[in-house]
Amino acid sequence: MPTVFSPIAVPLALGLGLGRRTVSARLIGAGMVASVLPDLDVLAMRLGVPYADAFGHRGATHSVVFAFMLGGLALAFASQLRASRLAAFAFVAVSAASHGLLDMLTNGGLGIALW
């Protein structure tokens, strides 16, 4: 990703494409947050976690498992997100997973711990 803000393009595009009847503004906001959360792993490097570690940069937070965990969190708050449980889970999980998938298109780093 060129910047930490680039991943928000995916939930914004999905939200616009699916329309307000399917995706509420709150759900789009949650998707935007979920799409940038994987890069919080850079804080681990400041705590001494090596880059190549499973919890280093582009590690566990870039995985599909992490995306599903965020989706599960959204499922728990579906009513606050003004969405169905399925829509909340799917939208947030896809938004989070898109970060790792987009990072795979770059040539920086040691790769992505997608699985």
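Annotations for the structure displayed:
- Between A67, A30, A96, the distinction of being farther than 22 Å from W115 by Cα and in contact with a Ser or Thr (Cβ under 9 Å, 6 or more places away or on another chain) belongs to A30 only.
- The set of residues from region 68-99 being surrounded by 23 or more Cβ atoms within 10 Å (Cβ to Cβ) and more than 15 Å from G29 (Cα to Cα) comprises A97, H99.
- Of the residues screened, R26 is not one that is at positive phi and touching a residue at least 12 places away in the same chain (Cβ under 8 Å).
- Some residue of region 49-67 being in a helix (DSSP H, G or I), surrounded by fewer than 21 Cβ atoms within 10 Å (Cβ to Cβ) and modelled with pLDDT of 95 or more: no
- Residue in region 79-97 that is out of contact with any Pro (no Cβ under 6 Å at 6 or more places or on another chain), within 18 Å of F5 (Cα to Cα) and outside any helix (DSSP H, G or I) present: no
- Every listed requirement among (1) aromatic (F, W, Y); (2) in contact with a Gly (Cβ under 6 Å, 6 or more places away or on another chain); (3) without any contact (Cβ under 8 Å) to a residue 40 or more places away in the chain is met by F66 save one, (2).
The values are calculated or read from the model by the stated rules, or taken from the named source; none is laboratory data. Note that the structure is a prediction, hence the values are computed from the model and not measured. As a convention, Cβ positions derive from the backbone with ideal geometry for all residues, glycine included, and neighbour counts pool all protein chains shown.
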